[in-house]
Each structure stands twice: as C-alpha cells, then as structure tokens.
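One structure is given here, and the rest of the page talks about it.
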Amino acid sequence: MTTFVDRVELHIAAGNGGHGCASVHREKFKPLGGPDGGNGGRGGDVTLTVDQSVTTLLDYHHSPHRKATNGKPGEGGNRAGKDGQDLVLPVPDGTVVLDKAGNVLADLVGHGTSYVAAQGGRGGLGNAALASARRKAPGFALLGEPGDLDDIVLELKTVADVALVGYPSAGKSSLISVLSAAKPKIADYPFTTLVPNLGVVTAGSTVYTIADVPGLIPGASQGRGLGLEFLRHVERCSVLVHVLDTATLESERDPVSDLDVIEEELKQYGGLGDRPRIVVLNKIDVPDGKDLAEMVRPDLEARGYRVFEVSAVAHLGLRELTFALGDLVAKARAARPKEEATRIVIRPKAVDDAGFTVTPEDDGLFRVRGEKPERWVRQTDFNNDEAVGYLADRLNRLGVEEKLMKAGARAGDGVAIGPEDNAVVFDWEPTMMSGAEMLGRRGEDHRFEEQRPAVQRRRDREAERDESLREYGDFDPFE
C-alpha cells in the first residue's frame, strides 16, 4: 500500500455566501415598521497551512475533493446569517502549490506558513442594509456570491540541507542510517529506497538535515526509473553528496563513470549547477573496494572534488565526512540573505478609477469586464424587477452606460457582463424602464409616506376648529 505521496491534484471549493433577506418589520399597531432583513453570512475559505507533523500528501491522494461550508442566509429581525467555517488543510513543509498550467502559486516553507487557495463568497446584503433616505422600503435583497472553485496541484519538495545522490544500491540508505537516527529500508537489491528518507545529523555546533534520494539511473531526468519523481527533492538542498559504489558487481560500471552519469542527469534537470559537491567512495571495507577507491581518488581530486573514503558497515571515515558536511552547510546558511519582515504596501485605487472595461467584439457584442460589475451581476436576483432596476442604477452610476455610448453601442445592441463562459447577456436600452420604476422610485412605498390615522384625525379636527373661528371673525393667525 502506498504510504508516501509527494504529488497530488486537489479539487477545492470555497463556501458560497448566504443570501440576504428581504423582510418588513411587523408588530401590533405598527404593520409597516420598516425593512429588517439581515445580511447573509460569508462563505468559508480553503487555506493550506504548513504543519510539521505532516510528512506526506497521502490524505489528499485518497480524498482529493475538499469543500468549505457555505454561509447561512440572513433572516428577519435584522438577524445576520452565520459565516461559513474555513477549511484548513495541513500540508508538509516544502509544499509547492501550482495551477493546472504549472504556474507556481505559492511556495510553503516554514511551520505555520499559509496560503488561501480558494476565497469564500461574500454574503448578500439584506433589505435593511439597502435602505436609505430615498429608498426607505427595498423589496429585494442581494444574493450571496459563489465561492471560488479551482483545481490545484500540490508538489512536495523535501526541505533538507544535504542530499545523497547516486546509483541504486550505492549505499545511500546505509550511510544515512549510521550518520543519523533514520531507519530506512536496507537490502541488497536495486531500488530498495522508494521514498526520500530524512535524518538529522549533529556536527559540533551545527545541526543539519540529510536526505536519501531514491537511486538515479541514466535517463532519470527524462522520467526513466524513479529519478524524475524524486529529483525535485534535491532542489532545496544546499550540498550534494555523490555516493559512489567502489564494490559494484557490474563490470561495465566504475565510480568515475557513475559520477559522470549522475552529473549529466543533474545538468539535464537544471538548477543545481551552483551547489557544492562532495564525493563519497563507499564500501571500502571490501578489499577490492579499497583498492578501487585509492585508484580513482587522484582523478576525482584533479576534477576539484573533495573525496572521502568511507564504509557505512564498518563505520570508517564517518566523523570526517560529518564535520565536512557541517562546515559546508554552515557556510551556505551564512551566505543566504537575511530574511526581512514583509513590508505591507498599500496602493489605493485612483478616485476616478471605475475598475472596468468595455470591449467591442467581432460579433457586434460589447463585453463589460471588471470586479464590481461582475460581482453586482452575480448578486442580483433577476426574477425581481426592483433588484434588476437597482442593478441598472448601480451600473449607470459607475459609468457603464457612458462608456458603452463612447464605445459605439446603440440601442438594441448586445451587452455581456462577465467572462465568455459565464456572462449575463442583455439587449441594451439606454432609456429602458422596468415595471418597478413605473410605480415610483425604486424602494419607495407610498404607505410609508401616509400619515397614521390618529395623526390625520387630529389634523382634520384642528382644520375644522380653525375654520369655525374664521367664520366668527376673531381668528388671528399671528396671535
């Protein structure tokens, strides 16, 4: 059964925003107490967070579909809907987030680092929030905005200081088992190691991590064997260690040719040319291995490599190797630029920046693109004439109608708001009036303008009294 997965495709969905509520307050002796519809709740986000206790993407391999909860709709009595619960997905340290095209969206390194992969939808406003001095009784509310839907790819790149690379059965697993407390699988057949193994090594005051990468063979950078699947785990390492087998049973192989093959694969993979290299001649406890190591060492040193002769089985030469690696790791850490606190840069939009575009298309259609118009369209209930009229008012105030006229649009031309795969298309009529407008300004209710019966009766009695006094001739309006 697979226990280590370092690449998965994840299908995520943020929560939808809850719909706003259209409600009118009613109580005894006050049947029209004004709008009291509450706002809808916000949809939950989908967030990826680095967790040190997680070492594999196996859970997402088995369950690739993840969804946050939706926001609750608003209710009468000015009761807002509950926000949806955010979905936090723990990922291993060193996880890279990519889109389907392979573009890097985030590189998650360090415990607690997080990335919002899908944003929850906004909740719709209730009619209480839409009320104003001129629009006292809105008979509509805004719909909740849909949450983001996306397909992303998660790739795990091991975070280690030193990487052991080499042919299968070169002794990498044995070496990491004696340098650290790691317990990888060790056997006398090729491709024993199927997943990267990590170990922690202490060399004086320097503590570093070492990774055992599954064996490379010719053509690994093109996908042969297991190399391409795990070469990504070498990218973050500061030091590369070539583990060469000096006691191989294959007659056509020798340490120098093995080194050349692995270097060519690393070159083809790319991005690793600046890493310092160390050559380890392993298995010198075997008599033929010791002789071969002494034979090829001068040639390797002539190429500029530091060479160490070791035996993982007999524990020979390990101390010198441990401190040499620790020295290189310390130098690499010192050479790294110091991390500075992230500067928060606020770039406010210009006051006259409407934030939308109007583009004429070949088929005579005019397409409107922009954050505000598209969001307003998504939140409009097109079954409600008053809501449609409110949308028209907002678009007009934003300047959409003016830009359409400047772009050459005429009455009856098609206008699409939104992307091609999800747009609202209508015939543009600059002076078009909806049914709700015929009844007065949107959101007005003549019943709110009428006086209460008691107040009207009192005013009628006062008018009758003034009239009777006027008949007797002693009425002085300034008295």
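The values are calculated or read from the model by the stated rules, or taken from the named source; none is laboratory data. Since the structure is predicted, the reported quantities are computational estimates derived from the model, not experimental observations. A quick note on method: Cβ atoms are made from the backbone with ideal geometry, for glycine too, and the neighbour counts reach across all protein chains shown. Accessible surface is based on the protein model in full, side chains and every heavy atom, while ligands, DNA and RNA are left aside. Shrake-Rupley method; radii C 1.70, N 1.55, O 1.52, S 1.80 Å.
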Considering each residue of the stretch 68-117, count those that are closer than 14 Å to residue 152 by Cβ and either surrounded by fewer than 18 Cβ atoms within 10 Å (Cβ to Cβ) or touching a Leu at 6+ places or on another chain (Cβ under 7 Å) (or both), and give that number. 18
If we ask which residues in the stretch 25-55 are open to solvent by less than 80 Å² (accessible area, probe 1.4 Å) and at pLDDT 90 or above, their number turns out to be 16
Which condition number does residue 181 fail, the rest of (1) modelled with pLDDT of 85 or more; (2) open to solvent by 10 Å² or more (accessible area, probe 1.4 Å); (3) among the small types (Gly, Ala, Ser) being met? (1)
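Which ones in the stretch 291-307 are within 45 Å of the chain's Cα centre (by Cα) and either within 16 Å of residue 170 (Cα to Cα) or open to solvent by less than 70 Å² (accessible area, probe 1.4 Å) (or both)? Walk me through it before giving the result.
So in the stretch 291-307, the residues within 45 Å of the chain's Cα centre (by Cα) come out as 304-307.
Within the stretch 291-307, 304, 305, 307 qualify.
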Go through the stretch 140-161 residue by residue and tally those that are at pLDDT 90 or above and either of a type in the set (A, V, I, L, M, F, W, C) or not in a strand (DSSP E or B) (or both). 13
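Conditions (1) more than 30 Å from residue 254 (Cβ to Cβ); (2) open to solvent by 20 Å² or more (accessible area, probe 1.4 Å), marked per residue:
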site: 140; (1), (2): yes, no
site: 146; (1), (2): yes, yes
site: 157; (1), (2): yes, yes
site: 160; (1), (2): no, no
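Considering only residues that are in contact (Cβ under 8 Å) with a residue 40 or more places away in the chain and of a type in the set (Gly, Ala, Ser), look in the stretch 162-178 and name the one that is most open to solvent (accessible area, probe 1.4 Å). Working first, answer last.
Residues of the stretch 162-178 that are in contact (Cβ under 8 Å) with a residue 40 or more places away in the chain, as a first pass: 162-172, 174-175, 177-178.
From what's left, of a type in the set (Gly, Ala, Ser): 163, 166, 169-171, 174, 177.
Details: 163: 0, 166: 2, 169: 49, 170: 1, 171: 13, 174: 31, 177: 28 Å².
Top of the filtered list is 169.
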Exactly one of 288, 274 is open to solvent by 70 Å² or more (accessible area, probe 1.4 Å), modelled with pLDDT under 90 and in a helix (DSSP H, G or I), and that one is 288
Cβ-Cβ under 6 Å pairs, at least 6 apart or on other chains, the stretch 149-160 side under 14 Å from residue 97 (Cα atoms), far side open to solvent by 40 Å² or more (accessible area, probe 1.4 Å) and in a strand (DSSP E or B): 151/11; 153/9; 155/7
Restricting attention to the stretch 6-22, does a residue exist that is open to solvent by 10 Å² or more (accessible area, probe 1.4 Å), among the polar types (S, T, N, Q) and either free of Cβ contacts under 8 Å to residues at least 12 places away in the same chain or over 28 Å from residue 133 (Cα atoms) (or both)? yes
